[in-house]
Structures are given as C-alpha cells and as structure tokens.
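Scroll down for the structure; my scribbles are underneath it.
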Amino acid sequence: MTPTEATTASDTETVVVDKYNLDAAETLASTAQHLPIAQAAPLYEQLLSSFPTAAKFWKQYVEAHMAVNNDDATKQIFSRCLLNCLQVPLWRCYIRFIRKVNERKGVEGQEETRKAFEFMLGYVGADIASGPVWMEYITFLKSLPALNAQEESQRMTAVRKTYQKAIVTPTHHVEQLWKEYENFENSVSRQLAKGLLSEYQPKYNSARAVYRERKKYVDEIDWNMLAAPATGSHKEEMQWMAWKRFLAFEKGNPQRIDSASSNKRIIFTYEQCLMYLYHYPDIWYEYATWHAKSGSVDAAIKVFQRAVKALPDSEMLKYAYAELEESRGALQPAKKIYESLLGDGNNASALAHIQFIRFLRRNEGVEAARKYFLDARKSPNCTYHVYVAYALMAFCLDKDTKVAHNVFEAGLKRFMHEPVYILEYVDFLSRLNDDRNIRALFERALSSLPPEESVEVWKRFTQFEQTYGDLTSMLKVEQRRKEALSRTSEDGPSALEGSLQDVVSRYSFMDLWPCSSKDLDHFARQEVPSIRFACV
C-alpha cells in the first residue's frame, strides 16, 4: 500500500465512523483531487452522501470527469447537483462545459449555449457574485454572428435586455456593468442612449445602494462551511444568526422591486441558506411557512417534502407538514405522514400514538379514535401518556365521563407504579367533585408505591385534605405522611415531630401565606424534609 493509499484508507475510515467529521471530509476531498477519477469517484460519492449540498465537492468531482472528457458522467453529475447548489463557481463550471460541447455545432450549438446561459441566470443571476456571469453572457451575445441587418438588430436587442437586467441586480460588478452599458448604448446611438440611460439611472442607483447594504450581510457568511448537524458551537450559532439577518434583509424588499421579483430573490436566498444550514429544521420550517403565507401552498408542500427527506428523523417537521396538509383539507396525505411517524406500530413513540388519535378524532370521528386507541394500548411502547390523553379527550371533547373513567381505571392496572399517572387520575376525579373516589385512589396508590416514589402523591393527598377535609382527617394524613417519608429521611424520628411550618402549610392558599416573607426564607433554610414536602 502506497502512502497515498494509506492516507486515503485512514480518512475514509474516519468519515465512515463519523460521517460529519469536517476535517476528515476536507482531507478526503483533497486526497481525491490527486487520484485518477476511477479511484476518486467512490470517495466523492461517499463525501456527497454526507454533504449533498457541498458545491465545492460537486465542483471538484465534475471537474475531474471534465478533465478526462467524460461527458456522459459530467452531464449526470450536473443533473444531480445544479438545482440544489446555487453557487456561482459551480454554475460557471457548468457553462464552461456547455460551451465546450457546443463549440463546433454551429448555429445549433450557439442556441444551446444561449439557452444554458439563460437557464443559469434564472437560478444564480441574483447572486451578489454573479457579475462575471452577466459579463460572460453579454460577451457571448456580442460574439454571435449577424448575417443581415435584422439579425444585427436582434443581437443588439438581446445585448441591451441583458445589460438592463444586469445593472438592476445588486452584484459586486454592478458599477462596472453600468459603465459598460453606457458605452454600449453610446456606441449604438447617442440620441437613443440619452433616453435609455436617464430611464435606467435611478434603477441602477437603487441596485448600487442595495448592493452596499447586501454586502454587509454577505460578508458575515462563511461560504466554505459544510452543512452538518448543529453541535452548539459558537461559530455555528454566528452563522445561523448571519443567515437569519440576511433573510430578514431580503424579505424587507430593500430595492422596492415588484412582488414577484422580490419573492424570487427571497427564494434564492433560502435555497442558498439551505446549502449550509441543511440540517436545521427551523430553516426548513420557516421557508415552507413563508411560501404558505405568500399564498403558494403548493410550493410550501414541496419544501416540506424536501425537508422530511433531508431530515427523516425530525418529528417536528413531519407534524408541521401534516398540519399544513390537514389545514388545506388534504386529509389522506396528512394521514400518511402520521402513519409514517407510527411506522409498524411496535416502535412508535407514545407521542406519535397520541397525535394520531387526536388527528383521527378531529377528522374521522369518535369511533375511529376509539378503535385506534384500543390497538395502540397493545403496543409495547404505549405509556401512561396515551391513556391520559385518550381519557381526557373522551371527557373534554366527547363529554363521555364514563369512558374517561373506564380508561383511567384500565390504565391503573398497568401504571399504578407511576406517580404522575395517579395524579392525572386524581385531577380528573377532582373535576367530577368525586372526593370519595379521590381518597380511595390515594389509599390504593400509597399502599403499593415505595416510600421514595410516593413523595408527590403524599404531597397532593395532604393538600387535598387541607383544602377539602375536616381538621381530623387533615391532621391524620399529615401524620401518616411524616411516618411514611421518615423512612427515607436522614432525620429519622425528628422528622415525625410537629412544627410551625405544618401550620403554615395548612393555612396558606395559593400565594397567600400566614407569615412574612422573612419567615418563609427562614423556613426554606431549614433542612427538614417533612417541611419541604408540606410547603413546596
């Protein structure tokens, strides 16, 4: 094994183990540049499976094929990356390839090249770095042969229209383009130039002013950053903020252009942003909702489809996507999204079960929700949350107290060891003003819960008796609580003694206390477990 092969193997192994190891990826890309394309191709494919929006890796990959005149592979790679990587250097590589393959095809080749330029400018013409692209296209148009006056007129018209688009686009080269446009018009007709230049001067001035503002935002962005899941680093946070500021700037339509043109520029900025913040669900969500609010729900759906493909583990995005489908009445697509969250049902999370039950209740009715709940409770991942959610839905939405009570009782057989479930059941019974069953539930739960897990249940039982019981039952429960919890306390017998804090606990209400704030501070500093349980 040569030193180069050894290095490649090591870097490949690192990327396989940690597919988002940025240093290893850069090293592997550098290594691939020095390998024959047959050896480099698998490395590029591996890199691009982890970093599908890394325009610089795509550019390296395609240039390696172009270097050996592998035109079919070059076309295939461009078809895979261009629309997802709106970066000028990559697209200039594309136009270079198009010009090469069409240079000997005469008029037909010139037309293909012209279409390719228009295609490219339609996607990256708004980029602040697109000035050289506009210049190259104008030079190309000027070079086209004109065999008669009509063709000459058509050529001049095409050049003029391209200049007029370029000079109102805020790019690094906008001033140079304006000077070239002035020279062009004056060379054609000084009389006509005067009117056209006076018409376009204010538009150019606006573009130049917006360019200066836009540049401030663009300069904050790291255009070599690879898209990887967030690690919480300061640099990542700063880049996220820089993109958010840039997006807000574009949304403000600083150039005061028409709505369609402004929206196109915003879309371009979001697409560029996703090249770098590809793993940030909030950017995908913001992009989709911007489309929806702009009146293009179909475009929002397409963004969500891309988002869940890019981040298949993001439940947030799937719920947001399903919500949009449901809101426009597309219930079957929404249902499929919920079903994708459930998978085969056995590995579905409790939350996925709950949200699907709610979806069914909203759209298919009580019976559909009930049937699914009966199936969901058989799932190994069905937790007490599913029982609570369905019981409260039956109680609050269906107004069916009996079903809700039966669900809580059924769940108690499985979740008697869960203090939170017990307290949710207590809250339900409290709404029914069923004090007899509340006391019975407390007794059943406390007889089975170990002392260390019964703290919150004892606390709620004590509060219940302090609020609704007579003095005898109040004092009795307080004493029982102390006895039960003294076994878990280091204070032992001393925890059984009564104290003034017990009185404070009994005679307070919400944020009203029978003592001063200083007294409360004093009590809080005392390390007596029984007090903490009573007063917290």
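The values are calculated or read from the model by the stated rules, or taken from the named source; none is laboratory data. Just so it is clear, the structure is predicted and the values come from calculations on it, not from any experiment. Note that we place each Cβ from the backbone using ideal geometry, even for glycine, and neighbour counts take in every protein chain shown. Only protein heavy atoms, including side chains, enter the accessible area calculation; ligands, DNA and RNA are left aside. Shrake-Rupley method; radii C 1.70, N 1.55, O 1.52, S 1.80 Å.
Overview of results
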quantity	calculated
Pairs with Cβ under 7 Å, 6+ apart, first in segment 409-424 and under 12 Å from residue 444 (Cα atoms), second hydroxyl-bearing (Ser, Thr, Tyr) and surrounded by fewer than 19 Cβ atoms within 10 Å (Cβ to Cβ)	416/448
Answer residue from segment 271-297, given it is among the aliphatic types (A, V, I, L, M) and without any contact (Cβ under 8 Å) to a residue 40 or more places away in the chain and is surrounded by the most Cβ atoms within 10 Å (Cβ to Cβ) among those	288
Filter pass, residue 207 being crowded, with 20+ Cβ neighbours inside 10 Å, small (Gly, Ala, Ser) and either more than 46 Å from the chain's Cα centre (by Cα) or over 24 Å from residue 110 (Cα atoms) (or both)	yes
Number of the condition not met by residue 386 [criteria: (1) closer than 30 Å to residue 501 by Cβ; (2) surrounded by 17 or more Cβ atoms within 10 Å (Cβ to Cβ)]	(1)
Segment 298-330, subset of a type outside the set (D, E, K, R) and open to solvent by 60 Å² or more (accessible area, probe 1.4 Å), residue nearest to the chain's Cα centre (by Cα)	316
Check on residue 502, without any contact (Cβ under 8 Å) to a residue 60 or more places away in the chain, more than 30 Å from residue 393 (Cα to Cα) and exposed (fewer than 13 other Cβ atoms within 10 Å of the Cβ)	no
Residues satisfying the stated conditions in segment 401-429, i.e. crowded, with 17+ Cβ neighbours inside 10 Å and not hydrophobic (A, V, I, L, M, F, W, C)	405, 411, 418, 419, 421, 424, 425
Cβ-Cβ under 6 Å pairs, at least 6 apart or on other chains, segment 340-351 side free of Cβ contacts under 8 Å to residues at least 60 places away in the same chain and part of a helix (DSSP H, G or I), far side open to solvent by 30 Å² or more (accessible area, probe 1.4 Å) and of a type outside the set (Gly, Ala, Ser)	341/318; 350/383; 350/385
Helices (runs of 4 or more DSSP H) enclosed by segment 83-166 - at least 1 residues per element that are of a type in the set (Lys, Arg), under 42 Å from the mean Cα position of the chain (by Cα) and within 30 Å of residue 221 (Cα to Cα)	88-102, 149-166
